[in-house]
């Protein structure tokens, strides 16, 4: 197990290298430069050239990449081309906000989806089950930005209960967290229900009942223990979904997290910020996937992690 | 001796979209403490449903026990509340299921699954239960039981898993074990080992057991009495020896004829029972075996025969057949030599030929069970 974990963690390094390589290539291949964004007041060509020289953008791409790698290994991502601040500074400010939003949304979505999935499986074809199907269909098919706008309209504009955008106290957090949680919650509800129904039909459940166990014990220690294995494996992708989903949510609600920063930096061709945020996201997703694989091995004794 | 189990007129039905399936239709039998009983019949004749009904494990819906009584140790299981039934399950009545590959929980250790019942019914603490579990595993001949107790089911072979199921069934010293096709999923060589183990341990623990099988060969050496089931009813009851020597029901004759024999000429053809088992949504109005019976008379399709004592047989030998009952036309028939009316056999075959294509395809695809074999 330890060996497996170490090997998986070491594999992050080459993956990060290729992520960096591809992203670097793409940013440089994309049209436009960081200094031609303001169409109303275009910079004189001489200034652009000076800026390019200052930030090393005039050098060959391979050389730029080598330079980037060398600095990145020392956690130096340079300074933003737009904001004149260190990239690590900017990210250090946005990351806690995004992390808080993500963790809140993950907890909320699990708190909704796991009980809802379990109950709708146990009371199959009941009103609760149909209600959860409706919730899941809505949550999964309507894009979050539509839901966000509907919710903003109801709770912020009409009822004036919550602020429209921004970030600060709890009131600001409610709408972005709910909207972000909805998609994963819908997805996990369906998976939980399906895998509960699958487990509950198994022969070993009949065996457990034939031992005289109480129904609660049968459900918790025999059915759920099996049913949670597939659920645990999708929490990884769901977390990745929360991370990428937060691009839109943060932009919509003007949440000062790295999701909004990421979108902004791409619009502005802010190369250093794009590189650093992409690598950070890649790292998160890989760690999430590794954690899921390890948890999978713990939950299911039939899986051997050594191989 | 007071009876341990007395089942009277048990009726279990399944309410499906196509209609009410009368899976068990008026089954009655008794079992004394320590006695062994075999229930034999084709797939779908209601034998497993009978066993599950005894423990009230019929999935509900769609199933429901609609009538009858199951008196176990002086108490009617069908009138108990759920807590009392749970106190009996695994404790006084234990069950061994058909497929050991799927009947154990894959994510719990072997010892946990056995200890669970010990902790629940015998109020043992974890350490005691673990110790007893290892003793039980040794009892069913699991090599290095102590080491293997913490293994998971996937680390055990099919035969070993069925041993674990037997250990689990014996764990609380039940008065009755229901073994539902315990060896059907196993290799023939392992079958014999498992059956021996079950028989010896039941004798040692003085446990009564009901062995449910489609295989007459399996019950032959295992149980004191045999009940033959057909179409949700018991059609013949006899001592094991008596049933093989002097069967009194054309269905049983058919079962015995379809067993390949070692002492027969190699070219001799097996005689299958022609036709399909009855549709339990709309069973035949008279004798349920009548449509497939080459000895049938007019009366068979008009009246339902009772399960009655048969002349020329042991006192507790009963069969559900107008032909072999007092005054019937089969009283003196020797089933080994007289295969009945050939015209009727042809008529049955012709009826099968006229069946709608669907039914024939079902038959061809093996939906009808293979004939019992030894």
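The values are calculated or read from the model by the stated rules, or taken from the named source; none is laboratory data. Here the structure is a predicted model, which is why all the values come from computation and not from measurement. Neighbour counts are summed over all protein chains in view; Cβ atoms, including those assigned to glycine, are modelled from backbone coordinates with ideal geometry.
Screening residue B:23 on (1) buried (at least 23 other Cβ atoms within 10 Å of the Cβ); (2) more than 15 Å from the chain's Cα centre (by Cα); (3) away from chain A (no Cβ under 14 Å) shows it passes everything except condition (2). For the stretch A:67-79, check the following and say yes or no: at least one residue is assigned to a helix (DSSP H, G or I), at pLDDT 85 or above and over 29 Å from the mean Cα position of the chain (by Cα). Within the stretch A:67-79, one or more residues are assigned to a helix (DSSP H, G or I), at pLDDT 85 or above and over 29 Å from the mean Cα position of the chain (by Cα).
Here is the figure for the stretch B:141-171: residues that are closer than 18 Å to residue B:122 by Cβ and assigned to a loop (DSSP other than H, G, I, E, B) total 2. Flag: residue A:212 matches the condition of being at pLDDT below 90 and crowded, with 17+ Cβ neighbours inside 10 Å. Scanning the stretch B:63-101 for residues that are over 21 Å from residue B:24 (Cβ atoms) and facing chain A (nearest Cβ under 7 Å) returns B:86, B:87, B:90, B:91, B:99. Here residue B:104 clears all of (1) more than 20 Å from residue A:201 (Cβ to Cβ); (2) facing chain A (nearest Cβ under 7 Å) except the condition numbered (1). Each residue in the stretch A:124-134 was checked for being touching a helix residue (DSSP H, G or I) at 6+ places or on another chain (Cβ under 6 Å) and either more than 13 Å from residue A:187 (Cβ to Cβ) or without any contact (Cβ under 8 Å) to a residue 12 or more places away in the chain (or both), and 2 of them qualify.
Summed over the stretch B:168-202, residues that are modelled with pLDDT under 85 and within 14 Å of chain A (Cβ to nearest Cβ) total 2. Of all residues in the stretch A:1-10, those being touching a residue at least 40 places away in the same chain (Cβ under 8 Å) and part of a helix (DSSP H, G or I) number 5. Restricting attention to the stretch B:153-167, the residues that are within 13 Å of chain A (Cβ to nearest Cβ) and surrounded by fewer than 15 Cβ atoms within 10 Å (Cβ to Cβ) total 2. Only residues that are within 13 Å of residue B:93 (Cα to Cα) and either in a strand (DSSP E or B) or out of contact with any strand residue (DSSP E or B) (no Cβ under 9 Å at 6 or more places or on another chain) (or both) were counted in the stretch B:53-74, giving 3. Return the residues of the stretch B:173-195 that are surrounded by fewer than 19 Cβ atoms within 10 Å (Cβ to Cβ) and more than 18 Å from the chain's Cα centre (by Cα); say none if nothing qualifies. Selection gives B:173, B:187, B:188, B:189, B:190, B:193.
When residue B:177 is tested against (1) under 21 Å from residue B:202 (Cβ atoms); (2) part of a helix (DSSP H, G or I), exactly one condition is not met: (2). Here the stretch B:107-128 is the region considered, the condition is being away from chain A (no Cβ under 11 Å) and in a loop (DSSP other than H, G, I, E, B), and the residue that is farthest from the chain's Cα centre (by Cα) is B:125. Out of B:353, B:282, B:364, one residue alone is modelled with pLDDT of 80 or more and either in contact with a helix residue (DSSP H, G or I) (Cβ under 6 Å, 6 or more places away or on another chain) or surrounded by fewer than 17 Cβ atoms within 10 Å (Cβ to Cβ) (or both). It is B:282.
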